[in-house]
Every structure is written in structure tokens, then in C-alpha cells.
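Beneath this line is the structure, given in C-alpha cells, with notes to follow.
The values are calculated or read from the model by the stated rules, or taken from the named source; none is laboratory data. What you see is a predicted model; the values in this text were computed from it and never measured. Reconstructed Cβ throughout: ideal geometry from the backbone, glycine too, with neighbour counts over all protein chains shown.
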Number of protein chains: 2
Amino acid sequence: MFFNPNSVAIVGASQTAGKVGYEILANMIAAGYKGKLFPVNNKAETIEGLKCYPDLESISQIPDLVIIILPAHIVPSIMEQCAKIGTKSVIIISAGFKEVGQEGRKLEQRVIQIARQAGIRVIGPNCLGVIVPANHVNASFGGSLPHKGGIGYLSQSGALLAAILDTANSNGIGFSKLVSIGNKADVDELDLIKAFGEDPETRVIAGYLENIADGNDFVRAAEKISHDKPILLMKSGGTGAGAQAAASHTGSLAGSETAYEAVFERAGIIRCFSIKRQFDFAQAFANQPLPASNRVAVITNAGGPGIMAADAIERYGLEFAVLTDETMKKLAEGLPPAANVHNPIDVLGDALADKYEFAIDVVRNDPNVDAILVLLTPQAMTESTATAEAMARASNEKGDKPFFASFLGADKVAEAIRVLVDNGIPQYDSPESAVLTIKMMVNYVKWRKRPRRVVKLFAVNRRKVEMIVEKHLRQGVREIGETESKEILEAYGFVTPKGAVAATADQAAGIAQQLGFPVVMKIWSPDILHKSDVGGVRVGLKNARDVMDAFDLMMYRIPKKMPEANILGVLVQEMCGSGKEVILGMNRDPHFGPLMMFGMGGTMVEVLKDVSFYLAPLTAEEARQMLVNTKTYKILVGTRGEKGVDIDVVAEGLQRLSQLVTEFPQIQELDINPFIVGPAGITPIAVDARMSVEKI
Amino acid sequence: MFFNPNSVAIVGASQTAGKVGYEILANMIAAGYKGKLFPVNNKAETIEGLKCYPDLESISQIPDLVIIILPAHIVPSIMEQCAKIGTKSVIIISAGFKEVGQEGRKLEQRVIQIARQAGIRVIGPNCLGVIVPANHVNASFGGSLPHKGGIGYLSQSGALLAAILDTANSNGIGFSKLVSIGNKADVDELDLIKAFGEDPETRVIAGYLENIADGNDFVRAAEKISHDKPILLMKSGGTGAGAQAAASHTGSLAGSETAYEAVFERAGIIRCFSIKRQFDFAQAFANQPLPASNRVAVITNAGGPGIMAADAIERYGLEFAVLTDETMKKLAEGLPPAANVHNPIDVLGDALADKYEFAIDVVRNDPNVDAILVLLTPQAMTESTATAEAMARASNEKGDKPFFASFLGADKVAEAIRVLVDNGIPQYDSPESAVLTIKMMVNYVKWRKRPRRVVKLFAVNRRKVEMIVEKHLRQGVREIGETESKEILEAYGFVTPKGAVAATADQAAGIAQQLGFPVVMKIWSPDILHKSDVGGVRVGLKNARDVMDAFDLMMYRIPKKMPEANILGVLVQEMCGSGKEVILGMNRDPHFGPLMMFGMGGTMVEVLKDVSFYLAPLTAEEARQMLVNTKTYKILVGTRGEKGVDIDVVAEGLQRLSQLVTEFPQIQELDINPFIVGPAGITPIAVDARMSVEKI
């Protein structure tokens, strides 16, 4: 009903040009709206020749859509009228709600309460309205009706939408729908992404968001929709959540933007950092087929821009298509001798449109080419418009390979650019922007081809974890100590080093004898977080004497350094085989849930911040990808003849952890540091672990 | 004479519109050229009302500038005429020279030979010409005369220049000079950068280059000129040199672009990756004062763009200005209650131009603000043109703080944007582009403030190095072996480990006794590059028996693995104290000379490619900066209580090496790997070294 209403009532319609209540009515009329329009205004007889109604109840039929423009404090009473007459769709343009403070928030709650009870859906309040070019609906004060097109746009900023509309209108960019969601008191980004997902007119979903309300639902829906339609989002403003959670390793490494990045990656959402980039991308996705792979052919009439394109192709990690001999032979036959028939194909500065058309036709049939970028500089002989028309014919003819254009200049190529845009060929103000767009399409194709997500469930001892977690929650203890943390990990299939806490030197020696030498010793105190900083860690102790000496030295020295620490003894542990130290972790994002972390251990992780994140639950492939995404991955797989570690076993560790934090939402943070891993056949050991829980 | 000629002869002037020979003449006339024009064409009486001359000699005076448009093979004879009559400046537009192959290359050499003998300076051949708006000179076929302005532009691609001209003309961007350098057979980028440097009309030097001819001269000149005028360059195409030089560590890490990056950094050149970015930057540099520091204030009439600007400020590492209490108080007095008086200052969606003007005036006087970015979205009440005029008044009034604008939209802000551009206020199509430009200005200011370059000269034993280098050159041996490489390093003040090569196990034990235990042993063979891969390195040998065992094991095992290797014995060396391993290196770039390298040692350097480069000779500050520029710098200075290494000593090593390769240009490549460094007081050791020399 929002997008194709048969009748629209405008409550607060005004006779005064310039007023929002007039502009929306005028925009509806100017858009050529085909349904019935009911201006509601108890002080006017007619507005723009349309009969005015004193109130909603006086209208002889139930309007499909009601637009409210009256001051905020009157809106609840209008909503009650809507409920009474049975309208199901309302756009509230009026500001003065949640955005102005407590008073407004209450008003907004009241409005939504009425809507919920009556089964009314509401867009807004504090929004610009809704535009549907194909249906001649311009229920907004954002600007004149744009062209019909494949882009569905939603914006959390009305002002930005107005600017976008102005830019799009002057560049001939078309839309399926534009929605300003304002305070999104009812209809939010999730509803719209779902609606756009099902809308046959929308080929690309684009939007500007400042926050996302229902994190988990959003991820699930977006991931599904992304498969059919690319989603391009500008997301501004940090979550602020990361900073709070900086207590743990994982927390401090997960910046405020990390969760959003993980969400976007998981859901295949293409993130844009400016309006310009967003429309650069959107026009290609909306109008061109996806490239099969990443091999780009460039056709140009000047060397400079060709080299700039080549540089960008290298910089963005695409491939420069290697033309077949047949292609090059054909090109040589049809182009002047001085022309370059290798990629980038230079048709020369005096090339007319026919040479471009010929080259395009030859290159598009080359099996080594996935995407075609046509560059043009307006030189003396250049037929820019005819060249654009040739491209349009080629692009419209058959649809297996995408076309991109970068016609450089302004006035001299303005007509040509209009031809390109009208024919759905994306045009870029630099070769670099065109190449970046191709890169985004290639990334999207890769994402779509990723294997089906199957999350493996391991056999675990859930009951054991439940008991420990419940005990802590009951006692109000947030941090789970090392011993119980390890018990939890063992319940989920991790191996931890054997050992026990000794209260005396003799006891320590006895424990060591039982474990077998060498052993590791660690000071045991709830007050000492960084044990090695106070000399509280000794490794490789080879006999009973060394163990007893170490015990006594710790007991003598550490209390001097930390007189207030409560020292319970010394932990004597089996020594873990040498291997690589990595960190597995989790930090729970308030919006999106558990964010898994992987990184190399030791000081490297702190210095390089070389960690990767992904949303739980993880598939085997995703867990593996988390390893691959670190810069130090090559060290893990082994360099210069050194044997690599068992990557699958590390990935399995991440999956098991992912299962643990998914099954126990009470766990807020978790680190295994270090997790010692070796080559295939060696069981990895969770040497140290910490976690915290909270009531949910 | 190129820029302000009193008389211009056009050889090859044509009567036929569309021909280059006509277009250039027509462009000169259309530009309102004030001097005398002499069309030279022996088949026409007059062209465009101007008397035609059959040849240069028939002209009654010596033209200050001759433009040649005739076919390439005729050009040498015209050049001879130029020499005869005594013209000193020639622009050769004609193509068909070096760019078409051997034949053309010879023609070009002939042309330059004539020019050199006669003292004629030549721009071109194969170029678009020269444009000087202020002097009404449009000696080009690139397009109509652009506005007068502060940007001096040079382009190695004529076609690109034509596109730039078209874009600039339609956006009202002004230039001091535009030069198409074509094949740059005589006048090249260096000449023009120097000329622009001295030109009072040019405030910013910008250009597009595909290569740089005189590397060292270019760096020196550019560094000097950059201090007064920013240089903004697009540089496309790799040098290809890096790939060749991939034999050494340094070579393989120095990509083809590394030398250019080092040059740009040293010379303070701002690199641009697209025409759009280049003009984004150039307009600000040409028309606005430099910011004192990096604190940006944002004024907006909508929240969304304000947040986008804030995000970009954070992303680019600038600071969000914290307004003084006084500023905020004043803002609160003059703006509506709902306005945000914290940065970003939101004057609200219904703000008229006066609110903007008020806010700009208050904010510009805040001592915490270095740069002011004004954002505008065209909303119902917005007075975009009046707001632009208000900005223009503020910007013209006093010149201590730079202004930037991002008026979003198109038609609704077109007039406002014209006002901004006409008043020298740079306008950006997104807040992000504006912020990036501010970042570039801040970087430039930092570069200008860098300390004066003083290269320290160490007392060294040059004679020793001369002998070794000369011996190798005489014998035609490129690689200098480990022993002599170390002698060279010792001559330049490096300490290398003591040791000797043993031929028998007994000898090995004897050498070890003399050195003192523990020792290191390394297989000694010119054929074994990666000693440790074949078990050819043993460390920490504590007594004579271990040394003898190690000797015999190497002699037994290694020939089995590498039967063809010529094994000369085993090197027995003192064991170096533990410390951090780093690499110092040099790779000589064919254009720019010695490129110094620093990186962390071990497998890390290969995996992370965590290295930094800089052009020799190095100052102490530059050497230090090379360390700081690596990601692993924090590991060097010490993390988590671990003692850091003596940074100054490492930097001194780089300076000494820089002196060596500057004094010995024969040295082509050089690596010290590892260079073991410890905390202050510990002498670093150059454990292993290799270098290669070439006749120069």
C-alpha cells in the first residue's frame, strides 16, 4: 500500500506554496499520480483544484495511504482517526518526536501503540516520504520524480536523500523505490530490505544507515537477499560497543566498526564510503550482467588513460585479460597498423566510432575476457556520441559480459554520457573508478559462489558447562577462573595441560614427579593478571630440585613486588610440546552477537593487530578463512622448509568455540591464549583461558 | 618565449576547419592573442583574414615562437629554417617520431641535433601544444582557452590533457599554464617544473607523467620547489626495474613502484591516483591558505553528512576540533535551541544563509580550529547560493584558515557551486573527498616543517673498499663474497663476527679454542646460498668435541644432498650475543640511484614484507624514520617490559651504509642479513653480508 496506493489522503495539505503540506500534494500531482487524492484541511475548500475534506472520516472511501504533515502533538489524534476508518498505511512526515528528546519519545510511543493495535504500518515519523517512479507516486518533499530504474533506495537521513535525488535527477539515474525511513518507529531497514528483496522492479538495494536495529534478523535476511540482489550500504557512525568491551584481548582488538564489517562480510553486503562510490557501483549492478571472473579488457583511444586503467587493475588485484591470438589477429586486420592489439587495445587518437565498434565486437567474443572497459578522450576526430551509441548496441545485443565506460572530459562528452546512462552503461569520471566497480562486482560474484553454510555440531558435555555458568551467575561472579574455564573448554573437546596447585615446595615436587619432567610453574593468585611481568612463570624445569627452588623463589620474591596480592600457591603443569602460539577468542557484540577472533599469539598479536573476526556460528570454511585472512597465515602454514601447523585442527578449535558461545549466550567474552598448535598428528593445547559470564 | 611570445608563426596553418593546422590558428585568434600571428602556408593567400607566408624566411621579423604542424619527415627542414632565421622557441605538434619506432626515432634525433646546435628549445614532438590563459595564448588543439588561475599543468599524454581541459572549462577551474610535453625530446618535466617553480602566476604545479627522465636532478629540483609550491602528480606505469633486480633480498622487496614512492616522499610530491582527486587537491592548494594543523570543524544543515565527515576525519587520522566553551556559548546564543553547538555544528535543516554565516564567523575565530568544512544539503528552506556567497565573503575577508565546501546535490546547488568555485572555495562531491583533501594539505604542511637535511659523513677507510671493488671489476666478478663483503663493511665502521674457515675437524676445534666458546659453524661453499636448508648451520657449540662432531656431520651429510657443490670447508665463528635480527639493504634504481632498505629479519620480513625504503644519502632523521615506518617498529623499541634495542645505533648503520653506496656507485646491491642489534651499549654485529658490483 505504500508503493502502489489507489487513493492517498494528505492530512495537513496546505494552500501555501513552499509549505511541506503543499509541496507533497503538488509533487503527487506533478508526478502524474493516477489514483485518487484527498487533501485534508478544514480551512480550505479546494487546493490545486482538488476538493478538500475537513477530516479523514469525511472522505467517502478508505484511503489506501494516509500522509500526515501536522504538528507532532496532533499526530496521535490523527492516528486514532486512521484506526477508526481502517487505513492500514501511514507516512508521518512531521518532526518533533524521538529526535527532540523525552517528550517527543513519548509521543512517538503513543503513535506506535495506536498503530500496533489497529494493524497500521507506519513510515517515519520525521521523514521525507516515499517515491515510486513507475507508479507515479511522489509522496515526498524531496524533489521531483526521478526516472524509473532498478535501484531501490532507503535512507536514514532525509536531507541526504534529497541531495541524492537531485544528483540522480541531473544524471538520469533511475530508481524503483526511494524511502526515507526517518525515526523508523515502525517500518525499519529490515522491513524495507525484505520488501525490496521481493520487489520485481528492484534489481539493486542501496541505502544509507546510521545504525541497525535487529542485528541478528538483519544478518539472516540480508544474507538471503544478497544472493539474488546486491545490497550496497553506506553505514556511518561507530557502534561504540567495542570500546566498552575492551577488557578482554578480543574486545580491545575488536574496534567499534569490527562487528559491522563482520556482518557485511557474512551477508555479502557491499560497503560504500561515499554517495559517489555507491552510485558508481549501483549503476553497474543495476544494469549490467555480472562478470564470470576477473579478467578485464580495456579499449582506449589514448595511451595515458589506458595505462591508468592498467595500474588500477593491478592495484585492485584484478587480472589484465590476455587476448587470444585469434582476437589479436582479427584486431590487427580491422585496425590501423599503428594500433595496439594487445590489451589495453589502443584504437588510436583518430579512431571514429566504427573502429571502437569493431574492437568492442571482437573483444567481447574473446573467451579470455570477462569484462570490457571502454575509455574515450575527446580528441579532434573523436565521435563520442556515435561511440556511445555503438557501445549501447553492443551492450543491448547480448547480455553475457558487462560493459563499463569512462569517457573523460565534460561538455565534449556530455551528450555521449547521456546516451550511455540511458542505455544502462555505467559511466565513470576516471578509469580508476570504473576498475574499482568491476572489483566490487567480482567480489560479489565470489561471495555468491561461496559454499553453502553448514555449521557442524560437535558432541559436547553441555551439562558440565551449564553447572559452572549457573554457579557463577548465582554467586554474581562475572569472571570464570582459569581452572573452571579449562573445565568448560574440556567439556567442548579442548585439551588443556595437566597440572595442580601446590601450596608447598614439597607438594610442587610431588606434582611434578607425577606429571613427569619437564614442567612449567605459574604463580597462582587471583590478583596477578600478567604473571610473567612479576617473575611468576618458569618453564622447562627438569628435576625436583629445580621445581622446589622455583617455588621458594616465587614465594620469596613476588610478595615483595605485590605485597597486597593474595597468593594461593604455584600451579605446576605439564610442559606443552613446542608449536606455534595462536589466540582464539570471542567478544559478544550487543547488536550482532558473538564475534569470533583468531590471531597469532605472543607480542606479535599486540604489535601488528594481526587478527581476524567473523560472526558465530562458524562453518568449517569460515573458520578456515579466518586463518587465511591474517597477514601471518604464511607463518602458520610454514615457510622456508619449516613444517606448518595443522590448519584444520585450528579451524576446528574455532568451530568448537563458536558452538560453545552460541549455546551459551551468557558467555560475554572468552580468550584462549595461547592455544599451542603443531603439525598434523599433534593435539593442540589450550594453555591459558579466561572467560566472563552475565545473566541474560 | 613559449609562454608570452610577441609573435607566433604557424607552419602548416590550414584553411580547412577540423584540420589541426586550422584549429591551432583559430584557437589563437579565439583566445584573443594580442601579438602578431604569421600563418605559414605556400598554397594560401590568407587564412581567417591573416596574410599567409610561403615560408618562415618570408616573414619580415623573427617570430618569438614557431609552431610546426607538418608531417614528420618535413620537420627537420623546417627546423633548419628556424635555425637560419634565429627563432629560439619551437613547438612541434606533429606525430610520427620516437613513438612510431626506429625510423621516427632517427627523425627525432635529427630534429634535436639541429635545435641544440642553434640554441633552439623545443616542446614536443607529438604534443598538443601550450596554453597560457593570462596571455591569451592558446597554441594548442586541446580545446578552448580555460580561465586564468593558479594551477600550472604539464602532461605526458595529450589526450588526457584535452579531457582535463574540457572538465576544467565546464567547472570553471583556472590555470596559469598548460603544457603538453609529448615525446619530451628537449623540454621535459624537469624543465617545466623548474619554470613553473619560478613562475609567479603558478601557485600549484600539477601533472601527469609516465616516466621521469633525469631521476636525481628531478628529485633535487622537486624537493626545492615543493617548499614553495605543492607539486601534485599522477604517475602511471611501473618502472619495471624492480623486477629485474629481484636477485637480492632488497631487490625482491622493492617493487617496481618503490623507487617512485621514495622519490615522492623525499621531494614532498603529493601523488594522485585519478584526475578527479588531483583537481580536488589542486583547487584547495591553489586557492586556500594551508591549515596550521589538523583540527577540522564541520558546519552542516543535516546530521547524515556531518556523521560522514566525522567518520572520514577519523579514518584519515585528522582531529575533530574541540570547540572552546566561548565558541559554543556564542553559537548557542545565535542558533536555534535544537541546533548542535558541538562539532559537527548542525545549524538545522531550515537554516537560512544568515545562520551559516553566523556559525562560520564564530567558528573561524576559535583557536582550536585549523580548517573549516561547510556541508549543505538542499532542503526546502535552504538558500544554497546565498550560503555560498556568505562563505565567499568569509574566505575573502582574512586568509589564515582554509575553507572547504561540500554542497550535495546537483541542479539545486549548481549556482551555489559556481559561486564557490569563482571565489576559490574548493567544492567536493562528498564530505569524504573534502576531508581527504584536508589530509593532503596537513601532510604537506608536515613535510614542509621537517628538519633541514644534514647528511653526516663518517670517517671511513675508503681506500680499502676501492681496492676490493676494483679487483672485482678487473676480474669481471659481479658478486663479492662473504669475507670481502665483511671487510668492506668493517672499513665503513661495522663490526662483523670473528672467525676463520677450517678444512679439517681438528682445525675447526683449534679456531674455536682461539675464539672462545660458544661458536657458530657454517658450511663454506660458493654453491650453497641457503646454508640452513641443507643443515649447513649449527649454533651454540660449547666445546671442542661438539665442534669436531658438527664438522664431520656436515662433511658427511651435505655432499649427499648437494653432490655437485664445491665445499671449501666450514666457517667457525664467534657466537653473537642474542638480540633482534634486522636487515639493512640497498638496491640501486636505474633512475633514482641507491634505495636504502630496512626491515625486521627472520621469516617475518618475507611473510609480512614489513620493510621501508628511502633514497640515499640518508640524514639521521630519515634513517630513524625508516625504522619508524615499519609495522614491527614497536617490537624494536620493546614491548611488555622487554628491553628495546638501541634505535640510534641501527639508524647509524643505515647512514653508514648510505655513505658507502653513495661513495661507491659501483655497488649495485647490498644486504646485511642479519644485523644483530641489542639494547644501548651493545655493539651490533653484521653477521652475514652480500653485495654485487658493476662497472659504471
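The residues on offer are A:LEU489, A:LEU553, and the sole one that is in a helix (DSSP H, G or I) and touching a residue at least 60 places away in the same chain (Cβ under 8 Å) is A:LEU489. For the stretch B:497-522, what are the residues that are of a type in the set (Gly, Ala, Ser) and either buried (at least 18 other Cβ atoms within 10 Å of the Cβ) or touching a helix residue (DSSP H, G or I) at 6+ places or on another chain (Cβ under 7 Å) (or both)? Within the stretch B:497-522, B:GLY499, B:ALA500, B:ALA502, B:ALA505, B:ALA508, B:ALA509, B:ALA512 meet the criteria.
The rows are residues; the columns are (1) crowded, with 17+ Cβ neighbours inside 10 Å; (2) modelled with pLDDT of 70 or more; (3) touching a helix residue (DSSP H, G or I) at 6+ places or on another chain (Cβ under 9 Å); (4) small (Gly, Ala, Ser).
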| residue | (1), (2), (3), (4) |
| --- | --- |
| A:LYS224 | no, yes, yes, no |
| A:SER248 | yes, no, no, yes |
| A:GLY251 | yes, no, yes, yes |
| A:TYR260 | yes, yes, no, no |
| A:SER274 | yes, yes, yes, yes |
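Does A:THR87 satisfy the criteria of being surrounded by 16 or more Cβ atoms within 10 Å (Cβ to Cβ), of a type outside the set (D, E, K, R) and either out of contact with any Asp or Glu (no Cβ under 7 Å at 6 or more places or on another chain) or within 17 Å of A:ILE114 (Cβ to Cβ) (or both)? Here the answer is yes, as A:THR87 does meet what is asked.
Name the residues in the stretch A:282-312 that are touching a Leu at 6+ places or on another chain (Cβ under 9 Å), away from every other protein chain (no Cβ under 14 Å) and in a helix (DSSP H, G or I), would you? Matches in the stretch A:282-312: A:ALA282, A:PHE285. Can you confirm whether A:ILE275 is within 14 Å of chain B (Cβ to nearest Cβ), β-branched (Val, Ile, Thr) and closer than 30 Å to A:PRO200 by Cα? So A:ILE275 passes the test.
Residue-level check: of (1) under 17 Å from the mean Cα position of the chain (by Cα); (2) modelled with pLDDT of 95 or more; (3) more than 14 Å from chain A (Cβ to nearest Cβ), B:PHE218 misses just (2). Checking each residue in the stretch A:406-428 for being within 14 Å of A:VAL374 (Cβ to Cβ), part of a helix (DSSP H, G or I) and touching a helix residue (DSSP H, G or I) at 6+ places or on another chain (Cβ under 6 Å) picks out A:VAL413, A:ALA416, A:VAL419, A:LEU420.
Per the listing B:VAL435, B:VAL369, the residue uniquely within 14 Å of chain A (Cβ to nearest Cβ) and either over 21 Å from A:GLY143 (Cα atoms) or acidic (Asp, Glu) (or both) is B:VAL435.
Checked against (1) part of a strand (DSSP E or B); (2) farther than 23 Å from A:GLY424 by Cα; (3) not acidic (Asp, Glu), A:SER176 passes all but a single condition, namely (2). For the stretch A:100-124, a residue qualifies if it is at pLDDT below 95 and either within 26 Å of the chain's Cα centre (by Cα) or under 17 Å from A:VAL66 (Cα atoms) (or both), and exactly one does: A:GLY124.
Filtering the stretch A:398-415 to residues that are within 14 Å of chain B (Cβ to nearest Cβ), farther than 12 Å from A:SER430 by Cβ and small (Gly, Ala, Ser) leaves A:ALA410, A:ALA414.
If you filter the stretch B:313-349 down to residues that are within 11 Å of another protein chain (Cβ to nearest Cβ) and more than 23 Å from B:SER430 (Cα to Cα), you find that the one that is modelled with the lowest pLDDT is B:ALA338.
Would you check if there is a residue in the stretch B:15-25 being acidic (Asp, Glu) and at pLDDT below 95? Yes, some residue in the stretch B:15-25 is acidic (Asp, Glu) and at pLDDT below 95. Quick one: in the stretch A:64-95, of everything that is among the small types (Gly, Ala, Ser) and closer than 20 Å to A:VAL130 by Cβ, which residue is farthest from the other protein chains (Cβ to nearest Cβ)? This residue is A:SER89.
To keep it simple, each residue is scored yes or no on (1) in a loop (DSSP other than H, G, I, E, B); (2) of a type in the set (Lys, Arg).
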position	(1), (2)
B:LEU160	no, no
B:THR167	no, no
B:SER170	no, no
B:ILE193	no, no
B:ASN211	yes, no
B:VAL219	no, no
B:LYS229	yes, yes
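Residue count for the stretch B:19-49 satisfying the condition of being part of a loop (DSSP other than H, G, I, E, B) and under 39 Å from the mean Cα position of the chain (by Cα): 6.
Residues in the stretch B:138-158 that are touching a Leu at 6+ places or on another chain (Cβ under 8 Å) and among the hydrophobic types (A, V, I, L, M, F, W, C) were compared, and the one that is nearest to B:ALA9 (Cα to Cα) is B:ALA139.
Pairing each residue of the stretch B:530-545 that is in the same structural domain as B:VAL520 (by TED's automatic domain parsing) with any residue that is in a strand (DSSP E or B) and basic (Lys, Arg), provided the two are 6+ apart or on different chains, yields C-beta distances under 9 Å for B:LYS531/B:LYS522; B:SER532/B:LYS522; B:GLY536/B:LYS522; B:VAL537/B:LYS522; B:ARG538/B:LYS522. For the stretch B:451-461, the criterion of a residue being surrounded by 15 or more Cβ atoms within 10 Å (Cβ to Cβ), outside the structural domain of B:ALA390 (by TED's automatic domain parsing) and among the aromatic types (Phe, Trp, Tyr) is satisfied by no position.
Filter the stretch A:372-397 down to the residues that are out of contact with any helix residue (DSSP H, G or I) (no Cβ under 7 Å at 6 or more places or on another chain) and within 14 Å of chain B (Cβ to nearest Cβ) and list them by number. Hits for the stretch A:372-397 are A:MET381, A:THR382. Among the residues that make up the stretch B:345-355, is at least one of them farther than 27 Å from B:ALA410 by Cβ, of a type in the set (Asp, Glu) and surrounded by fewer than 23 Cβ atoms within 10 Å (Cβ to Cβ)? Within the stretch B:345-355 (the criterion being farther than 27 Å from B:ALA410 by Cβ, of a type in the set (Asp, Glu) and surrounded by fewer than 23 Cβ atoms within 10 Å (Cβ to Cβ)), the answer is no, since none of the residues qualifies. Of the residues B:THR385, B:THR377, only one is closer than 23 Å to B:GLU432 by Cα, surrounded by fewer than 24 Cβ atoms within 10 Å (Cβ to Cβ) and either in contact with a strand residue (DSSP E or B) (Cβ under 6 Å, 6 or more places away or on another chain) or touching a residue at least 12 places away in the same chain (Cβ under 8 Å) (or both); which? When all the criteria are applied, what remains is B:THR385.
Here is a yes/no grid of residues against (1) crowded, with 18+ Cβ neighbours inside 10 Å; (2) assigned to a strand (DSSP E or B):
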residue: B:ILE78; (1), (2): yes, no
residue: B:CYS82; (1), (2): yes, no
residue: B:ILE91; (1), (2): yes, yes
residue: B:GLU99; (1), (2): no, no
residue: B:GLY104; (1), (2): yes, no
residue: B:ARG116; (1), (2): no, no
residue: B:GLY142; (1), (2): yes, no
residue: B:GLY149; (1), (2): yes, yes
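Counting only helices (runs of 4 or more DSSP H) that sit wholly inside the stretch B:587-689, those with at least 3 residues that are free of Cβ contacts under 8 Å to residues at least 40 places away in the same chain and away from chain A (no Cβ under 14 Å) are B:620-628, B:647-663. Take the conditions closer than 22 Å to B:ALA302 by Cβ, out of contact with any Cys (no Cβ under 9 Å at 6 or more places or on another chain) and touching a residue at least 12 places away in the same chain (Cβ under 8 Å) and apply them to B:THR437. Does it pass? In short, yes.
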